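The values are calculated or read from the model by the stated rules, or taken from the named source; none is laboratory data. Computed from a prediction, not measured in an experiment: that's the story for all the values here. A quick note on method: Cβ atoms are made from the backbone with ideal geometry, for glycine too, and the neighbour counts reach across all protein chains shown.
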Amino acid sequence: VRGVDDQGRLFDEAGYLENLSSTGALIRLPRIPGPTARLSVRIAIPYKKREYIDYSARVARTEEIGGQRTVAVVFETQRPSFASS
């Protein structure tokens, strides 16, 4: 996930995908993005060769419960772009 954290700093962090739908995702991240941040989200597809789906997204909500930071995002389009590493 690439974006701006709640301190206004740019970040590029690996996270853990908790939940995925056609309209958004719930992602566990080390940092919390700003409440109105626009993000670039890249999700690894579990195929033999390493491929990814990329989405532009906006933050819907953030939570920090018991040391776990999660970010709910809404995709700006339901069609991702596809990329190889």
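Just a few scattered comments:
- Counted residues, region 17-35 - those being closer than 13 Å to V73 by Cα, surrounded by fewer than 16 Cβ atoms within 10 Å (Cβ to Cβ) and without any contact (Cβ under 8 Å) to a residue 40 or more places away in the chain: 5
- Residue that is surrounded by the fewest Cβ atoms within 10 Å (Cβ to Cβ), among those in region 36-80 that are assigned to a strand (DSSP E or B) and aromatic (F, W, Y): Y52
- Boolean, D5 is under 22 Å from S84 (Cα atoms), touching a strand residue (DSSP E or B) at 6+ places or on another chain (Cβ under 6 Å) and either surrounded by 12 or more Cβ atoms within 10 Å (Cβ to Cβ) or free of Cβ contacts under 8 Å to residues at least 24 places away in the same chain (or both): no
- Per this entry, A37 is counted among residues that are among the hydrophobic types (A, V, I, L, M, F, W, C), on the phi < 0 side of the Ramachandran plot and at pLDDT below 90.
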